[in-house]
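One structure below.
The values are calculated or read from the model by the stated rules, or taken from the named source; none is laboratory data. Worth saying up front: this structure is predicted, and the values here are computed from it rather than measured. Neighbour counts run over all protein chains shown; Cβ positions are idealised from the backbone, glycine included.
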Amino acid sequence: MPSPSHHTQDLHIDSLHGRLFVRLWSPAHLSPSFDEPPIVLFHDSLGCVELWREFPSKLAAITGKTVVAYDRLGFGRSDANPRELSLGFVGDEAEQAFPTLKDHLGIGQFIAFGHSVGGGMATHCAARHREDCLALITESAQAFVEDRTLQGIREAKAGFQQDGQIDRLARYHGDKARWVLDAWTETWLSPEFADWTLEAEIDRLDCPVLAIHGDLDEFGSDLHPQQIARLTDGPSRVLLIDDCGHVPHREKPEIVLQAVAELLR
């Protein structure tokens with residue numbers, strides 16, 4: 001938890017199926033404001049607000065924009081999700097939780113930034129709310145179900161069988177940790193999910209796109225950012241980072257921050 005200051009603000013908002021935890025970061029000496037379009041962060045399959053760590057504050061500082069992150073229902077400090085994830089859960093975020101967040105905070109135009117499956121959710125939000133989305137940044141996003149993705153998930157699932165591993169998740173998700181893990185592994189490994197793709201959503205985009213990917217990403221090859229950038233109608237760029245795995249904003253933060261700042265200039 002960051003120490004309380006005027007640079008961050010925590011709140012809960014009510015959604016259809018439970019409360020969502022939200023945190024706002026603002027540039028130095030400013031209160032969170034949406035006079036300028038904010039950057040909205042979408043976390044990965046095991047992630048939450050806390051696991052963004054210091055990246056949002058650095059992002060706010062380098063861009064001069066308010067940064068918003070929230071825990072999806074079932075994750076972090078949001079309420080437990082009373083349902084199993086549907087096979088359309090990536091797109092559901094653009095139809096359910098994100099509009100609630102947008103309306104509650106009074107956000108008009110925005111920049112979407114999503115990590116891993118959050119990149120797919122950010123893409124759906126950019127397509128669904130295209131009149132308000134000024135730019136889309138995906139980081140380690142999956143555009144389709146690749147064998148490399150499934151192998152990485154199988155290995156991670158096996159790793160979580162070891163003693164103490166689920167306790168690591170519980171530090172951030174509490175008694176929701178098992179649900180969080182199963183929602184990731186069992187959904188992606190389901191045969192019914194095998195044909196999932198972002199192609200239709202990418203094809204609807206007309207905003208600038210920055211697709212960031214590590215060359216050592218264990219959950220997807222560089223085919224994913226290439227597909228995201230190739231299909232969009234707006235200006236696009238692929239940033240493939242050398243010697244980098246699945247979490248570029250933690251492994252190579254300065255490269256990611258500079259690239260986002262350049263896009264938003």
Quiz item: Among the helices (runs of 4 or more DSSP H) contained in region 157-260, which hold 3 or more residues that are modelled with pLDDT of 95 or more and within 24 Å of C125 (Cβ to Cβ)?
Solution: 177-188, 223-231, 248-251
Practice problem: Tell me, yes or no, whether region 235-248 has at least one residue that is surrounded by fewer than 19 Cβ atoms within 10 Å (Cβ to Cβ), at positive phi and either touching a helix residue (DSSP H, G or I) at 6+ places or on another chain (Cβ under 9 Å) or not hydrophobic (A, V, I, L, M, F, W, C) (or both). | Solution: yes
Self-check item: region 102-114: number of residues that are surrounded by 19 or more Cβ atoms within 10 Å (Cβ to Cβ) and among the polar types (S, T, N, Q)
Solution: 0
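Right, H129: farther than 20 Å from R178 by Cα, touching a residue at least 12 places away in the same chain (Cβ under 8 Å) and crowded, with 24+ Cβ neighbours inside 10 Å or not?
Numbers: farther than 20 Å from R178 by Cα: yes; touching a residue at least 12 places away in the same chain (Cβ under 8 Å): yes; crowded, with 24+ Cβ neighbours inside 10 Å: no.
Here the answer is no, as H129 does not meet what is asked.
Please go through region 137-153 and pick out each residue that is under 21 Å from R230 (Cβ atoms) and more than 11 Å from the chain's Cα centre (by Cα). Steps first, please.
Our first condition is that a residue be under 21 Å from R230 (Cβ atoms); within region 137-153, this holds for 137-149.
Those that are under 21 Å from R230 (Cβ atoms) and more than 11 Å from the chain's Cα centre (by Cα): Q142, A143, F144, V145, E146, D147, R148, T149.
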Self-check item: Answer from Q151, Q161 - the residue that is of a type in the set (S, T, N, Q) and farther than 19 Å from D215 by Cα
Solution: Q161
Self-check item: Criterion: polar (S, T, N, Q) and surrounded by 18 or more Cβ atoms within 10 Å (Cβ to Cβ) - qualifying residue of Q165, Q142
Solution: Q142
Self-check item: Scope region 60-101; condition crowded, with 18+ Cβ neighbours inside 10 Å and either basic (K, R) or at positive phi (or both); matching residues
Solution: K65, R72, G74, G76, R77
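Just to verify a result, which residue in region 69-96, among those that are among the small types (G, A, S) and under 13 Å from the mean Cα position of the chain (by Cα), is modelled with the highest pLDDT?
Here the residue is A69.
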Quiz item: Hey, among D35, D14, which residue is more than 18 Å from the chain's Cα centre (by Cα) and either more than 24 Å from V260 (Cβ to Cβ) or of a type in the set (F, W, Y) (or both)?
Solution: D14
Quiz prompt | Residue ID - nearest to D44 (Cα to Cα), chosen from residues in region 159-190 that are in contact (Cβ under 8 Å) with a residue 24 or more places away in the chain and among the β-branched types (V, I, T) | solution = V180
Practice problem: Output the residues belonging to region 28-65 that are within 20 Å of I107 (Cβ to Cβ), among the aliphatic types (A, V, I, L, M) and touching a residue at least 60 places away in the same chain (Cβ under 8 Å). | Solution: I39, V40, L41, L59
